[in-house]
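K.L.:
I have a structure I would like to understand better, so I am pasting it below and will then ask my questions one at a time.
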Amino acid sequence: MSQVNEAEIQDRADEASNGGAKPTPEEIAAHTQSLVGFHYTVDDYYEIGREEIRKHAMAVQDAHPTHWSEEGARAFGHDRLIAAPTYVSVLGIIAQRKLFSDVITGYDMWQIMQTDQRLIYHQPMKVGDRLICDVSLESFRHVSSPEMIDLMVTKNVIWNQHDEPVMTTWTSLAARPGMDVDPELEASLDHVMIKVGAIGESGHTVEPKAGRYDLPDPTQSPGAFGAIDFDTLAVGQELSPKRYLLTRGNLANYAGVAGDPNPIHFSDHVVSAARMDDVVAHGMQTMGLGASFVSEFIGDPAAFCEYNVRFTSPVYVPADDSAAVDFTGKVKSLDPATRRGTIAITAKQGDRRIFGRAQAVIQFN
C-alpha cells in the first residue's frame, strides 16, 4: 500500500461533502469504505517526557516505581523511567487525529465509541523515545439493521528513532451517523466542544520509510525484565481483587493527560444527545486501571506481551458520587516452553460487566 496522497484525500473528502450539504449516512459509509487499506505516517514524531509518564501513571492510578523514579526503574533492570502499559492512548489520539479530521469525514466525535482494543508490545516505551506512527484503516462495515451503525478497525504500528518496533495496536470503533438530535440540543453542543483560538505548526519531521507499509506486522516481543518467576504460578491462581474509584475529576484529568476532547466524558448536554445514561469514563482509562491491577501482580509492567479488551459497557460516573470499578483476575493458562502466561481480567461496576473479554499475556522469568 502507498502512503495516502494528500490531493486524493481532498478529492474524496470534497466528493463526500456533497456540495456543502450534510452527507447521508449511506454517503458517509461509502466514502469510508473506499478508504480501507489506506496508510499514512504521522508527520511529526512524539517524544516521551519524564513528567508525561508520571502524569499518565497518576491518571490510571499506577504507583509502580518504574513509572516514578530512576532508582525505582533501575531496581527492575531499566535504565530510565518506562511508561505504563496503556500510555499509547496519549500517542494514539494524536496519531489518529488526521484520520478523523482529514481522511474519514462525516462523523461527529461524540457519535464514536471504542469497542475493542488490542495492544501488542515489542518493547516498553521509555523516556526519550521518539515515536513514529504508521496509521491505517484496516476494515469497515456498515450495518443498517436493527440499528444503523458503522464498524471500523484502525491499526497503528509504532517505531522508535532507531527504526525498532515498539508496539502494534488495533482499535475497533462503532459510530452512529444516523442519530436524530433535537435541533435545539444540537445547537447547544457548540458550547461544550473544545475551542482553541490558534494552534502552532509542529512541522514535518518524519518521512515514511519506503516499503514499510508492505512489510508483515512486527513480531518482536519484550523480555521478562523484573517479572515474577514463572515457576511460582499455577493455572487458576487468583489475583487479589482491587477496587478503583473514579469521579468526574478523574475523568477530566484523564481527558487532559490523553488529549481527548470527546465531550461524552464530561458534558451532560452531549450525554443527552447520545442517549446515554450519564457521562462515561474513557475506554482506555478503564483499560489502564486493568493494566495497573495486573502490574501489581506480575512485578514488572514491561513484561506485558499483549493486552486486549472488549468493552461491553461503559463506566458511568455521576455528578455527585464516585463510580467504583472492581477488578478480579486469574491465571488462565501457562506455557512452560516460553514461560509465558495469560491472565484473564474481569471488571465490574456493581453487577454490570465493563469488559466482555479481557486478557493480558505476560513474559515471566
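K.L.:
Those residues that are buried (at least 19 other Cβ atoms within 10 Å of the Cβ), of a type outside the set (A, V, I, L, M, F, W, C) and either at pLDDT below 95 or closer than 21 Å to Q114 by Cα (or both), I need them from region 318-358; list them, please.
P.N.:
Q349 - this is the single residue of region 318-358 that is buried (at least 19 other Cβ atoms within 10 Å of the Cβ), of a type outside the set (A, V, I, L, M, F, W, C) and either at pLDDT below 95 or closer than 21 Å to Q114 by Cα (or both).
K.L.:
Can you pull out the residues in region 138-151 that are part of a strand (DSSP E or B), in contact with a helix residue (DSSP H, G or I) (Cβ under 7 Å, 6 or more places away or on another chain) and of a type outside the set (D, E, K, R)?
P.N.:
Correct list: F140, H142.
K.L.:
Which residues, counting only those in region 36-63, are in a loop (DSSP other than H, G, I, E, B) and surrounded by fewer than 21 Cβ atoms within 10 Å (Cβ to Cβ)?
P.N.:
Scanning region 36-63 gives V36, G37, D43, D44, Y45, G49, Q61, A63.
The values are calculated or read from the model by the stated rules, or taken from the named source; none is laboratory data. Keep in mind that what you see is a predicted model, and the values were worked out from it rather than measured. Please note: Cβ atoms are built from the backbone with ideal geometry, for glycine as well, and neighbour counts cover all protein chains shown.
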